Amino acid sequence: MTVLVVAEQVDGAFRKVTFEALSAARQLGDDVTALVLGNGIQGAAAELGKYGAVKVLVAEDEALAEYTVDAYTHVVADVIGQAAPAVVVIGATTQGKELAARLSARLDVALASDCVALKLEGDQVVATRPMYGGKILADVALSGTPAIAALRPNIFAAAESPAAGTVEQVAANVGEVRTQVKSKQLETGKIDLTEAEIVVSGGRGMGGADYSVIEALADALNAAVGASRSAVDEGWRPASDQVGQTGKTVSPKLYIACGISGAIQHLAGMSSSKVIVAINKDPEAPIFTKADYSIVGDLFEVVPALTEEIKKIR
Amino acid sequence: MEILVLLKQVPATESMIAIADDGVSIKTDGLKYVINPYDELAVEEALKIREAQSGTVTIVSVGPAKTTEAIRTALAMGADKGVLVDPGDVQCDNLAVAKVLAAVIREMPCDLIIAGHRAVDDDNFQVGPAVAELLGMPNISMVVKEEIADGKITCTCSVEGGTKVVDAPLPALISTQRGLNDPRYASLPGIMKAKKKPLETKSLTDVGFDAAQLAAKVVIKAMKTPPERAAGRIIEGDSAQAKVAELVKALHQESKVI
């Protein structure tokens, strides 16, 4: 059984979720093929062998240097047609989810997005995925071939498992590209919320847009900064920072909630974190019922003190 | 400008969700249903574009009969008309829903389709791009700003670590992300007017499908609730410094996450 993993790279560096996807693919079968799309990326491709890719297909074209849904759908659909995998595994990133959705319609095949577990029952892929913002976990059976599974970042372990990693160029027929990327504004070095190992979030208790105490703690921990919906609604933080049912779901090793009361929508978005710390001055805040470690106190005293304490050990 | 909005009715996000006795669906008794929050952004954006350029805003939905409530709310916000396809007993997965939406849209004039980037019930991120694919249209996801000029739509999109600007020729489908706008409330006169606006309900047969053509490829086998988290320990101490020292010790030595 062939499993095809669609890799995601940014400027020649693979996203962590690509390694996670390869490891998950290895659990389904030994015949794991990776597909890398880009331009001038052949050098990086061999790295995928380390995580279990027996074969690494490389599709290169100027039009693949930047992800566009048109070009990527075209090339991936072609490769699926030739490699005939039983399962296609993609990282459930912004582009991965879009590409998976478009592919499912082009190929008329099943898609489970944002999967947190993947297994075979006989020949059938059964994926576990959150619904209702994480309030429910559903096991879904995917019929037909290939089944597409987009995997939520930070859930599957990325385990090294050396395989041949034979690099092979494949044809890159990009088709008609209608969506054009005009520009990008990326904060370099910024850790994305969904991939971060540690997240520090601030909520209504911040009282304003000054997140300097949160940012200082995040810096000390090499963490990403998140926010509750109320902080976003107040305009203190951008919507892309929002954790919860109408924002992002995060699964870090450590989640530190500062001045967040813990509305059900927020809890749904972060309760799969390994360890939760809550800092809030209201001892009745619902967040304390979900936190592993709770500190009742003023976040503007506790958080800077915590930053100093962390610096001592890091 | 003929603008279509894809809309789904979903349980309000503050709802407690419980699993029904069949183990593969949720208990719906007493749930409050609303327009999917991302679709509400889509309705608002469609109204803004219509206000700037004139045209028509049509709400298109696939769902049970009660979805008319959500469509009426969108009409009360200012949309012009609505079409609902009620699949009856047929269990449609997301791709089947996309096929039905695409079939309905093919029969309508259309310059722009606006969808939520996901529905907050299924959370499958599939319907918008799938509808665009089935219609042979370009799509742009996670839009936080858009501008239409010279037959093109230019969008600022939210991506990991920042934003990017993407454009595509019309007709196109865009999907919304929070930050795009603040949806208006339905006004009382709006609610009165909405009662008289056209809202058509169709069956799968009306739009040319039978159940076999829409057989679900994704079937829910079981549902469970995530493991309950219990309250852990409250860290006591005489001062903030004493508390954080204890916390860091616990994170470092007990749970080993830092």
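The values are calculated or read from the model by the stated rules, or taken from the named source; none is laboratory data. Small disclaimer: the values here were computed from a predicted structure and weren't measured. Cβ placement follows ideal geometry from the backbone for every residue including glycine, while neighbour counts extend to all protein chains displayed.
Selection of region A:29-51 for residues being under 26 Å from A:D123 (Cβ atoms) and crowded, with 20+ Cβ neighbours inside 10 Å yields A:V32, A:T33, A:A34, A:L35, A:L48, A:Y51.
Listed by first and then second residue, the pairs linking a residue in region A:1-28 that is without any contact (Cβ under 8 Å) to a residue 40 or more places away in the chain to a residue that is assigned to a loop (DSSP other than H, G, I, E, B) and among the β-branched types (V, I, T), with Cβ atoms under 8 Å apart and 6 or more places separating them unless they lie on different chains, are A:Q9/A:I41; A:G12/A:I41. Among residues belonging to region B:49-71 that are in contact (Cβ under 8 Å) with a residue 12 or more places away in the chain and surrounded by fewer than 16 Cβ atoms within 10 Å (Cβ to Cβ), point out the one that is nearest to B:G128 (Cα to Cα). Applying the filter and picking the extreme gives B:P64. Only one of the listed residues (A:E195, A:E215, A:E168, A:E187) is touching a Pro at 6+ places or on another chain (Cβ under 8 Å) and either farther than 25 Å from B:S175 by Cα or at pLDDT below 95 (or both). That residue is A:E195. Determine whether region B:134-152 contains at least one residue that is under 25 Å from B:A70 (Cβ atoms), crowded, with 19+ Cβ neighbours inside 10 Å and charged (D, E, K, R). Checked region B:134-152: at least one residue is under 25 Å from B:A70 (Cβ atoms), crowded, with 19+ Cβ neighbours inside 10 Å and charged (D, E, K, R). The single condition from (1) surrounded by fewer than 15 Cβ atoms within 10 Å (Cβ to Cβ); (2) modelled with pLDDT under 95; (3) over 30 Å from B:I19 (Cβ atoms) that B:A212 fails is (3). Annotation note: of A:T68, A:T2, the sole residue that is of a type in the set (S, T, Y) and within 20 Å of the chain's Cα centre (by Cα) is A:T68. Kindly check whether there is at least one residue in region A:65-72 that is without any contact (Cβ under 8 Å) to a residue 40 or more places away in the chain and not in a strand (DSSP E or B). Checking region A:65-72: at least one residue is without any contact (Cβ under 8 Å) to a residue 40 or more places away in the chain and not in a strand (DSSP E or B).
If A:V181 satisfies every condition in (1) surrounded by 19 or more Cβ atoms within 10 Å (Cβ to Cβ); (2) in contact (Cβ under 8 Å) with a residue 24 or more places away in the chain; (3) not assigned by TED's automatic domain parsing to the domain that holds A:I80 but one, which is the exception? Among (1) surrounded by 19 or more Cβ atoms within 10 Å (Cβ to Cβ); (2) in contact (Cβ under 8 Å) with a residue 24 or more places away in the chain; (3) not assigned by TED's automatic domain parsing to the domain that holds A:I80, the lone unmet condition for A:V181 is (1). In this entry, B:A231 is excluded by the filter for residues that are in contact with a Lys or Arg (Cβ under 8 Å, 6 or more places away or on another chain) and in the same structural domain as B:H117 (by TED's automatic domain parsing).
Taking strands (runs of 3 or more DSSP E) as the structural unit, those lying wholly within region A:226-314 and holding at least 1 residues that are touching a Cys at 6+ places or on another chain (Cβ under 8 Å) and either acidic (D, E) or surrounded by 22 or more Cβ atoms within 10 Å (Cβ to Cβ) (or both) correspond to A:275-280. The selection criterion, being free of Cβ contacts under 8 Å to residues at least 24 places away in the same chain and closer than 27 Å to A:D114 by Cβ, does not hold for A:A147. Within region A:201-221, the residues that satisfy the criterion of being of a type outside the set (S, T, N, Q), under 17 Å from A:G247 (Cβ atoms), touching a Phe, Trp or Tyr at 6+ places or on another chain (Cβ under 9 Å) and outside any helix (DSSP H, G or I) are A:G202, A:Y211.
Taking A:L306, is it modelled with pLDDT of 95 or more, at the interface with chain B (Cβ under 9 Å from one of its Cβ atoms) and within 14 Å of A:L193 (Cα to Cα)? So A:L306 fails the test.
Restricting attention to region A:84-115, the residues that are within 7 Å of another protein chain (Cβ to nearest Cβ), assigned to a helix (DSSP H, G or I) and touching a residue at least 24 places away in the same chain (Cβ under 8 Å) total 5. With a requirement of 1 or more residues that are within 14 Å of chain A (Cβ to nearest Cβ) and of a type outside the set (K, R), the helices (runs of 4 or more DSSP H) lying completely within region B:41-142 that satisfy it span B:94-106, B:127-135. Residue-level analysis places A:I256 outside the set of residues that are within 8 Å of chain B (Cβ to nearest Cβ), touching a helix residue (DSSP H, G or I) at 6+ places or on another chain (Cβ under 8 Å) and farther than 23 Å from B:H117 by Cβ.
Only residues that are of a type outside the set (G, A, S), more than 18 Å from A:T73 (Cβ to Cβ) and not in a loop (DSSP other than H, G, I, E, B): list them for region A:34-47, please. A:Q42, A:E47 - these are the residues of region A:34-47 that are of a type outside the set (G, A, S), more than 18 Å from A:T73 (Cβ to Cβ) and not in a loop (DSSP other than H, G, I, E, B). Within region A:116-130, is there a residue that is within 25 Å of A:E195 (Cα to Cα), of a type outside the set (V, I, T) and facing another protein chain (nearest Cβ under 7 Å)? Yes, there is a match, as at least one residue in region A:116-130 is within 25 Å of A:E195 (Cα to Cα), of a type outside the set (V, I, T) and facing another protein chain (nearest Cβ under 7 Å). On the given criteria, is A:G208 surrounded by fewer than 19 Cβ atoms within 10 Å (Cβ to Cβ) and more than 8 Å from every other protein chain (Cβ to nearest Cβ)? Answer is yes for this residue. Among the residues that make up region A:174-182, is at least one of them more than 27 Å from A:G269 (Cβ to Cβ), touching a Lys or Arg at 6+ places or on another chain (Cβ under 7 Å), within 10 Å of another protein chain (Cβ to nearest Cβ) and not in a loop (DSSP other than H, G, I, E, B)? Checked against the condition, which is being more than 27 Å from A:G269 (Cβ to Cβ), touching a Lys or Arg at 6+ places or on another chain (Cβ under 7 Å), within 10 Å of another protein chain (Cβ to nearest Cβ) and not in a loop (DSSP other than H, G, I, E, B), region A:174-182 yields at least one hit.
Of all the numbered requirements in (1) surrounded by 21 or more Cβ atoms within 10 Å (Cβ to Cβ); (2) over 25 Å from the mean Cα position of the chain (by Cα), A:G202 misses one, and that requirement is (2).
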